[in-house]
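Since the structure comes first, as structure tokens, the remarks are kept for the end.
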Amino acid sequence: MSQLRLNPLTGRWVTIATDRTTRPDDFNRDRLKVETGPDRPCPFCPGNEEETPPALESYGDGGEWQIRIVPNRFPAFSGSEPMTVRNLGPVFNQAPASGSHEVFVFSRQHDIEWSDLDDDKAGLVMACLRDRFEEHGRSRSVRYTQAIVNHGREAGASLLHPHGQLLGMPFVPGEIAEEEAGFRRFAGSCVLCTTAEAERDSDSRVVHDADGVLVICPYWSGTPYEMLVIPDQHQGHLARSAPDVLAAVGRAIKASLARLKDNVGDVSYNIVIHTLPHHHEDEFHWHVHVLPRVQSVGGFEQGTGVPINIVAPEQAAATLVGG
Ligand SMILES: [Zn+2]
Ligand SMILES: [Zn+2]
Ligand SMILES: [Zn+2]
């Protein structure tokens with residue numbers, strides 16, 4: 001029997017189709033490779049720094065960068081024009097796509113990923129994201145910053161070299177507005193503090209629990225092996241988190257991705273960080289979604305927004321911890 005489960009963050013139902021037992025082998029476990037063409041050198045490799053616009057920031061010592069933040073060559077959002085909506089017809093409304101679009105290159109090494117970083121480096125990546133969030137918060141044209149890592153072609157990556165993106169947007173996107181509404185519905189308590197407590201009690205979907213960071217396959221998982229990273233410290237803004245919390249989140253992401261690779265396969269994934277819009281003071285608890293892309297999205301999901309997950313999160317967690 002399938003089952004509906006409510007995602008309290010978004011207020012939307014997901015379908016867990018538990019009829020059949022799905023093993024990791026049932027999925028395509030080798031991500032499609034992304035490679036730079038032979039004629040074009042990788043723009044993110046050391047020595048090719050001229051291939052990108054000048055760095056906005058770089059981290060590292062001894063004259064060698066360890067993390068580099070560069071403007072995206074083809075930005076989705078750019079400029080500082082205020083978001084003024086113009087009506088060009090009864091149903092034609094437009095506004096300038098102001099904001100910023102940056103790439104963070106988080107290793108000098110071309111063919112590694114987040115799970116290969118050492119613990120200090122995984123923490124440094126989060127510290128550098130914190131700085132960028134703070135910087136974006138000072139810009140008048142950026143209301144919300146979305147940090148993502150796309151790994152593998154199924155996840156939308158176009159370059160192999162380990163990198164992520166920061167998109168500073170002039171409006172609050174629907175997904176965040178929905179999650180903020182989820183926190184409001186749970187007024188009186190925090191939905192993610194409550195989730196962390198309930199998941200620790202139940203102990204059937206925990207993937208990782210160390211240094212004040214919990215990783216679970218959420219009860220309401222909409223996709224196979226989906227993971228949610230929740231820092232124990234209740235804080236709406238990532239930029240206001242303590243350095244040790246950020247470092248522990250970086251390590252938790254690394255550990256979760258390593259479990260994914262070891263127990264499911266070398267699959268594509270997206271890492272999505274959700275934090276409060278810059279000037280909101282609403283109830284929220286920042287967190288990270290790790291979304292393996294082992295299955296493509298079909299017409300039903302596209303048409304209804306109702307996911308059908310064929311791996312129950314209890315089974316996903318058991319597989320991820322090596323069960
Ligand atoms: Zn490279
Ligand atoms: Zn909380
Ligand atoms: Zn979220």
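The values are calculated or read from the model by the stated rules, or taken from the named source; none is laboratory data. Remember, predicted model here, so these are calculated numbers, not experimental data. As a convention, Cβ positions derive from the backbone with ideal geometry for all residues, glycine included, and neighbour counts pool all protein chains shown. For accessibility, only protein heavy atoms count, side chains too; no ligands or nucleic acids. Shrake-Rupley method; radii C 1.70, N 1.55, O 1.52, S 1.80 Å.
Computed quantities for the displayed model
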| read-out | value |
| --- | --- |
| Residue check, residue 249 closer than 18 Å to residue 315 by Cα, aliphatic (A, V, I, L, M), away from ligand 1 (no atom under 16 Å from the Cβ) and crowded, with 23+ Cβ neighbours inside 10 Å | no |
| Residues that are within 16 Å of ligand 2 (Cβ to nearest atom), under 15 Å from the mean Cα position of the chain (by Cα) and either open to solvent by 10 Å² or more (accessible area, probe 1.4 Å) or not aliphatic (A, V, I, L, M) (or both), drawn from the range 221-236 | 231 |
| Selection from the range 33-86 of residues that are among the charged types (D, E, K, R) and within 20 Å of residue 128 (Cα to Cα) | 49, 57, 61, 64, 68 |
| Sole exception among (1) within 13 Å of ligand 2 (Cβ to nearest atom); (2) more than 19 Å from residue 312 (Cα to Cα) for residue 198, by number | (2) |
| Residues of the range 266-283 classified as farther than 19 Å from residue 138 by Cα and surrounded by fewer than 17 Cβ atoms within 10 Å (Cβ to Cβ), total | 2 |
| Search result, residues across the range 284-314 that are in a strand (DSSP E or B) and open to solvent by 10 Å² or more (accessible area, probe 1.4 Å) | 289, 291, 308 |
| The range 237-252: number of residues that are under 16 Å from the mean Cα position of the chain (by Cα), of a type outside the set (A, V, I, L, M, F, W, C) and farther than 19 Å from residue 176 by Cα | 2 |
| Of residues in the range 221-240 being part of a loop (DSSP other than H, G, I, E, B) and in contact with a helix residue (DSSP H, G or I) (Cβ under 7 Å, 6 or more places away or on another chain), the one farthest from residue 115 (Cα to Cα) | 234 |
| Any hit, the range 43-62, residues being farther than 16 Å from residue 106 by Cβ and of a type in the set (A, V, I, L, M, F, W, C) | no |
| Given (1) within 28 Å of residue 280 (Cβ to Cβ); (2) touching a Lys or Arg at 6+ places or on another chain (Cβ under 6 Å), number of the condition residue 152 does not satisfy | (1) |
| Of residues in the range 32-89 being free of Cβ contacts under 8 Å to residues at least 60 places away in the same chain, surrounded by 10 or more Cβ atoms within 10 Å (Cβ to Cβ) and not in a loop (DSSP other than H, G, I, E, B), the one farthest from ligand 1 (Cβ to nearest atom) | 71 |
| Residues within the range 195-220 that are open to solvent by 50 Å² or more (accessible area, probe 1.4 Å) and outside any loop (DSSP other than H, G, I, E, B), tallied | 6 |
| Inter-residue pairs, beta-carbon under 6 Å, first in contact (Cβ under 8 Å) with a residue 24 or more places away in the chain and in the range 185-214, second open to solvent by 80 Å² or more (accessible area, probe 1.4 Å) and more than 16 Å from ligand 1 (Cβ to nearest atom), 6+ apart | 190/234; 193/234 |
| Criterion violated by residue 271 - all others in (1) in contact with a Ser or Thr (Cβ under 7 Å, 6 or more places away or on another chain); (2) over 25 Å from residue 189 (Cα atoms) satisfied | (1) |
| Number of the condition not met by residue 288 [criteria: (1) within 12 Å of ligand 3 (Cβ to nearest atom); (2) touching a Gly at 6+ places or on another chain (Cβ under 6 Å)] | (2) |
| Selected residue (criterion: nearest to ligand 2 (Cβ to nearest atom)) from residues of the range 173-194 that are of a type in the set (A, V, I, L, M, F, W, C) and open to solvent by less than 30 Å² (accessible area, probe 1.4 Å) | 190 |
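To keep it simple, each residue is scored yes or no on (1) surrounded by fewer than 23 Cβ atoms within 10 Å (Cβ to Cβ); (2) of a type in the set (D, E, K, R); (3) in contact (Cβ under 8 Å) with a residue 12 or more places away in the chain.
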site	(1), (2), (3)
91	yes, no, no
94	yes, no, no
100	no, no, yes
107	yes, no, yes
115	yes, no, yes
119	yes, yes, yes
